[in-house]
Amino acid sequence: MRLGPTMLVPAVLLLVLIDVVGGGWAVASGLNTLGDAFSGDARMAAPWPMIAFQLFAAFAAMRARRRGAIVAAVLLALACIVSAVSGFFDGALAAPGMSRAQVGFQIVLVGWTAFVGVLAIARQGKVNDHLQGAEIDEMCVADEAVQKLLHAASVRLGWSARAYHRVLKVARTIADLAEAGPLATHHVAEAIQYRRSLRDG
């Protein structure tokens, strides 16, 4: 399975679930009280402000306009990397009184946190012109009106699949420059006009 940017939110939601399970386990086994299971003294979970920030940043990275999404993805990546590194060096890893299973759980938590950081870094990881295949489908989300416009232009102008994808990528760039989210018909119409002008010229 290819790791795509749409995996970011599900990966963060799973990370939150791991944190909740870890915090509950720490309370049940006496490693933490309920009050500090999600604090800076937590043994098997991230502090609750970090959990809240990871959730906010993940949704912002996928839903915000282009520039804001990139900033959110970078901040999420930094937060996850800092959290993962501190998990190894803050003294809580394999602390006295922890079972092997609990230490194993800590390693899973730290490893998954690092993985989420990598996903955030790789949210797109390339300019629009270099998008390929399924990446185009993920980054160039088009509603029904946009799809109809593209199909009509493709049939009328005799585009190949390659030309169709090129127009989509140009439309995505136009939308990015306008700091827009999903493609709109005017983005695609402008991209089609550029395509026709280049061909006619």
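With respect to the conditions (1) surrounded by fewer than 21 Cβ atoms within 10 Å (Cβ to Cβ); (2) outside any loop (DSSP other than H, G, I, E, B), A26 lacks only one, and its number is (1). Filtering the range 136-174 down to residues that are more than 15 Å from Q193 (Cβ to Cβ) and small (G, A, S), which residue is nearest to the chain's Cα centre (by Cα)? Ranking the qualifying residues of the range 136-174, first place goes to A142. Do we find a residue being closer than 30 Å to F59 by Cα, outside any helix (DSSP H, G or I), touching a helix residue (DSSP H, G or I) at 6+ places or on another chain (Cβ under 9 Å) and not assigned by TED's automatic domain parsing to the domain that holds A60 anywhere in the range 183-197? Yes, the conditions are met somewhere in the range 183-197. Among the residues of the range 138-149, at least one is within 21 Å of A69 (Cβ to Cβ), assigned to a helix (DSSP H, G or I) and out of contact with any Ser or Thr (no Cβ under 9 Å at 6 or more places or on another chain).
Of the residues G35, G68, G24, which is of a type outside the set (D, E, K, R), in the same structural domain as L109 (by TED's automatic domain parsing) and at pLDDT below 80? Break it down into steps so the answer makes sense when it comes.
Details: G35 fails: at pLDDT below 80; G24 fails: at pLDDT below 80.
Of the residues listed, the single one that is of a type outside the set (D, E, K, R), in the same structural domain as L109 (by TED's automatic domain parsing) and at pLDDT below 80 is G68.
When each of E138, E144, E190, E179 is tested for being modelled with pLDDT under 80 and more than 30 Å from D19 (Cα to Cα), the lone residue that passes is E179.
The values are calculated or read from the model by the stated rules, or taken from the named source; none is laboratory data. Computed from a prediction, not measured in an experiment: that's the story for all the values here. So basically every Cβ, Gly included, is an ideal-geometry build from the backbone, and we count neighbours across all protein chains shown.
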